[in-house]
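In what follows, a structure is listed as structure tokens, so that the remarks can point back to it.
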Amino acid sequence: MNIERHMIPFGENPLEIEIGRVAKQADSAVVARVGGTVLLAAVTVSPEPLEGRDFFPLMVDYRERFYASGRIPGGFIKREGRPGDLETLRARLIDRAIRPLFPDTMRHEVMVYVTVVSSDNINPADVIGLTATGLALRLGSVPFPTATAAVRVGRIDGKFILNPTFEQIAAGDLDLTVAGTRTAINMVESGAKEVNEEDMVDALKFAHEAIVEIIDEIDSFAERCGKDKFDIVVEALPDDVLAKVRAIADPACDELVHQTSTKQDFQKREHEIAEQACAPWMEDHPEYEMLIKAECEAALSRAVRKLIVRENKRVDGRTLTQIRPISCEAPVLPATHGSALFTRGQTQALGVVTLGTVGDAQTLDTILGEREKYFMLHYNFPPYSVGEAKPMRAPGRREIGHGALAERAIEPMIPAKDKFPYTIRLVSEIMESNGSSSMASVCVGTLALMDAGVPITRPVAGIAMGLVADEGGEMRVLTDIQGVEDHLGDMDFKVAGTRDGITALQMDIKIEGVTFEIMEQALRQAKDARLFILDKMAEVLPEPRAELALSAPRISILQIPVDKIGALIGPGGKNIRALQERTGTKIDIEEDGKVYVASNNAQGASDAETEIKQLTMDIELGAVYDGKVVRIADFGAFLEILPGRDGMVHVSELDTQRVESVEAVCQLGDVMKVKVINIDPTGKVRLSRKAVLLEEQGVPPEEIEAMRQASGGGERGGRGGDRGGRGGDRGRGGRGGRDRDRGGERRGGERSHGGERSGGEREYGFRERPRSEEKEGDK
């Protein structure tokens, strides 16, 4: 196979595609590049259809290799393992776009592998991978009848941007991913900051225009380089069997859809119809069972569509725009930080909020680097929610996708960390499900957040819209679809937002695409429904509670100088650990100097704040401190005036009278008031108890200073005393004794967070001297 290359317009940077150089044993493989982001999309297909399958076995595997951005994976193993949540979401994105375009009778197993091998951290890879997948399917032998492509649309200052960079996405108010064919859109995924419906439709039109241009290039390239498509062998019932099955199933299904019943009763009767239709053939032709059941489902689909399109009625008796009965409760759990229960028909969700400190944030390790995530929404779908007897398992692709959609809907309303310094975990437990549980998660999540006292900007609600077309192509848009309408219908269009606009959008369809007229109608109906649901929610909880739950931690924020971070943390974290243990608090420090103090005890938090301020404040010349005697020498006493910060009181500054012995005035552990009388350029702090005593006697400060200067300020004596002290050290151990002291100082100054030598003032009450000063002093 020859190497072929092609350039496709793709926004600011072109999409460069190449085939024939790598992965030549795959059915088709495309290397796609935009800027410095490169990926491989490879497709393989089983030679024969899989037996006994009543569904299309398609699997999309999307992987981002850490080497793509020059990183090594974290953890002990140091290699990529199972796909992370972000990779799973991107695999779902591709699957949802291509699955409806395959023939309904496709039973050959198809595997799509998308591997990101280079990332410039500028251009997102997901839409590149989706477009490359569409091209690979178009080029290969798999019967994929039409070309598809995808684009992302951002918006900054009201102007749409085609395939924006990460930086542009972050700066805008819209992140819209759209996939489609030449004639229509077939997949939508969007996050937004309260974008109105009219602007959203304009963005979709803008996206489709770009998609058509890309498809023109794909078709041109495929005509030149594509393979012939293989034919699908379609299994079908003999005509006489099909007629007899329909004679049983059609009237029974028509009767069923006209009977208003619960989900369980409906499913039970549906199963009975299938068993009744299969019974005559099971003894002689058991191989017909799967085909007969498929025909019974088709009969039910025809009955549901006829009911909706011709009678404007639904299986549960509602009109096309009617919402199921709604009830809201908050709170519902006594010991949690926030809780709520939201019920819509037979869909029910329990929402629970937990507030943690910023240190509880989730660290995401991706090819783009590490980032902290302070708001998480986790969606759980236990088997009992649909009456199934199955074991509980880890979240699958569906749970991850539904949770991400609900999280995207609520996230724009979450307050910034500097205004609400908490990590927020919101869990949606689906208690029962009959359609649209992800949108129920949005509603219950909002109620639980407000119950927890999280000051969200505005409440968010969500609704799922559906589309049903009859055999003649006539369509109806449904509001608040339930399970049978989702399963048998043609579209699942989820819309979430506030009263002011849309915050999340997701559309999946089972047909080739939908027109803009249908989408406009669906968005209009969704807005009406969203406002109705928000009114129902407001009846229970109109705004966030003014106070947090008693069990929730109270967090205060302090700002310290960046160069004081090391002093606060201490050698190896000694200071910060001791402070947390003493005060019963949890303290988190960020690189910009923000300190978060969390505690359920008000006194403990207050004590921690006081100590933090003392640890990080500068010693002020002329200020008076309560100092604790920590060491006594012949020439004076050393006092700790702030945590970890020492100064020296020379013997001449201990009292207003002559002092024969330091011990005559103070002992280890004594606390006395001292005044800072000097801070030299190297950080040495000189203290005076005499100045405080004289001031208490009413002596004016200027006279005190004059007296000190007249006596030499204690400086000569200080220096002599200093030398005497060190001489004593030498007497005990010679020069090595002094070196050991100095070495101890260096050990006390271990590197800590921020690169500062922590420990502050050393044993002698002085800051560690620069090496040049040490050398000069040693000469």
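The values are calculated or read from the model by the stated rules, or taken from the named source; none is laboratory data. All of these numbers come straight from a predicted model, not from anything done at the bench. We place every Cβ from the backbone using ideal geometry, glycine too, and count neighbours over all the protein chains shown. All accessible areas refer to the heavy atoms of the entire protein, side chains included, with ligands and DNA or RNA removed. Shrake-Rupley method; radii C 1.70, N 1.55, O 1.52, S 1.80 Å.
The figures follow:
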{"quantity": "Those aspartates and glutamates that a straight Cα-Cα span of less than 13 Å connects to Lys24, excepting residues fewer than 8 apart in one chain", "calculated": "Glu4"}
{"quantity": "Pairwise Cα inverse-distance average, inverted: Kirkwood Rh of segment 272-349 (Å)", "calculated": "16.5"}
{"quantity": "Length added when fully stretched, Leu50-Ala394, from 0.36 nm per residue minus Cα-Cα", "calculated": "121.1 nm"}
{"quantity": "Theoretical gain in end-to-end length, Asp254 to Asp365 [0.36 nm per residue, Cα-Cα removed]", "calculated": "34.6 nm"}
{"quantity": "Spacing of the two label points (7 Å from each Cα toward its C-beta) at Asp680 and Asp219, in nm", "calculated": "8.7"}
{"quantity": "Size of the chain as Cα extents on the principal axes (Å, biggest first)", "calculated": "123, 65, 53"}
{"quantity": "Debye intensity ratio I(q)/I(0), log10, segment 120-253, q values 0.10, 0.12, 0.14 Å⁻¹ (C-alpha model)", "calculated": "-0.49, -0.62, -0.72"}
{"quantity": "Kirkwood Rh, Cα atoms: Rg over Rh of segment 544-660", "calculated": "1.11"}
{"quantity": "Segment 540-596 - Rg over Rh from alpha carbon coordinates, Kirkwood radius", "calculated": "1.15"}
{"quantity": "Helix axis angle, 701-710 relative to the chain longest principal axis, alpha carbon, degrees", "calculated": "60"}
{"quantity": "Mean-position separation - Cα centroids, segment 325-380 and segment 462-503, in angstrom", "calculated": "26"}
{"quantity": "Cross-link reach list, aspartates and glutamates versus Lys586, counting only Cα pairs under 19 Å and skipping chain neighbours closer than eight places", "calculated": "Asp360, Glu372, Asp418, Asp607, Glu609, Glu611"}
{"quantity": "Under 17 Å from the Cα of Lys293 - lysines, other chains or at least 8 residues apart", "calculated": "Lys244, Lys268"}
{"quantity": "Segment Glu474-Arg582, extension gain: residue separation times 0.36 nm, minus the distance between their alpha carbons", "calculated": "31.6 nm"}
{"quantity": "Angle between the chain longest axis and helix 715-748 axis [Cα atoms, degrees, rounded to 10]", "calculated": "40"}
{"quantity": "Crossing angle, helix 85-98 versus the chain [Cα axis fit, 0-90 degrees, rounded to tens]", "calculated": "20"}
{"quantity": "Isotropically averaged projected area of segment 194-258, using the convex hull of Cα atoms (one quarter of hull area), nm²", "calculated": "10.5"}
{"quantity": "Per residue, in Å², the accessible surface of the chain once ligands and nucleic acids are set aside, probe 1.4 Å", "calculated": "46"}
{"quantity": "Out-of-range pairs (alpha-carbon distance over 19 Å; input Lys628/Lys684; Lys159/Lys205; Lys159/Lys419; Lys78/Lys574)", "calculated": "Lys159/Lys419; Lys78/Lys574"}
